[in-house]
Amino acid sequence: MALDLTGVDLTTAVVRTARLVLRPFRPDDADAVFRACQDPGHRRWLPNLPEPYTRADAEEFVTVAAARGRARGTALDTAVEAGGGLVGACGVRHLDGGGGLLGPDVGYWTAPWARGRGYASEAARGLADWAFGYGAERVHLFADVDNVASQTVAERAGFTREGVVRRCLAYRDGRRADAVLFGRLREG
Ligand SMILES: CC(C)(COP(=O)(O)OP(=O)(O)OC[C@H]1O[C@@H](n2cnc3c(N)ncnc32)[C@H](O)[C@@H]1OP(=O)(O)O)[C@@H](O)C(=O)NCCC(=O)NCCS
């Protein structure tokens, strides 16, 4: 069985977990996204963030970039909400087979004010489960070998360490880094 999203409207899809609502980004998320993305941890581990990260970048992200994959049917990028407030972001991408042999992949960040409560693990687990529910065989993620917090998140979310992929991460300063590849299979 392959991933099949026939009949799913990704533009509005919402995934719920025990404590979280994973929903489309909205224009009023821009302020929280802007504040979260000033964090040095974001700057260090998320190589695609513009530098400096401006209020306009946040507005473009919540209104355009985060909706693009949903509109194309390739990704489910979600705002992670807990108790009515935005606490992070989590997405599952390459839903259209663009991930090649490895299949769809998950990515996440948690706002500095909401870290250490297991939100990223719960969100990553929830989005992987969502993809398995539509037939994905496997879901993977990459974490820099030095990003211990992200590796902890991956393990808490049920992913297994599969190996190290050398020099696959490209950072803004031209540096390349090794990543741990984590995978989860549909059957657990
Ligand atoms: C990685 C990240 C998403 C974790 O968010 P979170 O919601 O706090 O994650 P969780 O609460 O689910 O778990 C984090 C675990 O890592 C641990 N941790 C946090 N920072 C750590 C660090 N610098 N070194 C070692 N462990 C760390 C936490 O203590 C926690 O484990 P614990 O429950 O045993 O205490 C967050 O730090 C972040 O957004 N970082 C910047 C972006 C990023 O790295 N994204 C992932 C790219 S692959």
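The values are calculated or read from the model by the stated rules, or taken from the named source; none is laboratory data. Nothing here was measured: the structure is a model prediction, and the numbers come from that model. Every residue, glycine among them, receives a Cβ derived from its backbone with ideal geometry; neighbour counts consider all protein chains shown. Keep in mind that these areas ignore ligands, DNA and RNA; they rest on the heavy atoms of the full protein, side chains included. Shrake-Rupley method; radii C 1.70, N 1.55, O 1.52, S 1.80 Å.
Along the stretch 83-88, what does the Karplus equation 6.51 cos²θ - 1.76 cosθ + 1.60 (θ = phi - 60°) give for ³J(HN,Hα), rounded to whole Hz, x for Gly and Pro?
x, x, x, 6, 10, x
I want to check the label-to-label distance for Thr12 and Glu155. Put each point 7 Å from Cα in the C-beta direction and report it in nm to one decimal.
In this crude spin-label approximation the distance works out to 4.2 nm.
Could you tell me what percent of the accessible area of the chain is made up of carbon and sulfur, with a 1.4 Å probe and every protein chain present?
C and S fraction of accessible area: 52 percent.
For the pair Arg43/Ala2, report the inter-label distance in nm, with labels modelled 7 Å from Cα in the Cβ direction.
In this crude spin-label approximation the distance works out to 4.3 nm.
Any idea of the accessible area per residue across the chain, 1.4 Å probe, to the nearest Å²?
50 Å²
Rounded to the nearest 0.05, what FRET efficiency do Glu60 and Leu185 give with R0 = 41 Å and r taken as the Cβ-Cβ distance? Could you check?
Plugging the Cβ-Cβ distance into 1/(1 + (r/R0)^6) gives 0.70.
Return the loop-located chymotrypsin sites (Phe, Trp or Tyr not before Pro) in the stretch 11-103 (DSSP other than H, G, I, E, B) with at most 16 other Cβ atoms within 10 Å of their own Cβ; answer none if there are none.
Loop-located and lightly packed - none at all.
Which percent, to the nearest 5, of DSSP beta bridges fully inside the chain are antiparallel?
So the antiparallel bridges amount to about 95 percent of the total.
Val145 to Val164: extension gain in nm, 0.36 nm per residue of separation minus the Cα-Cα distance?
Here the answer is 6.0 nm.
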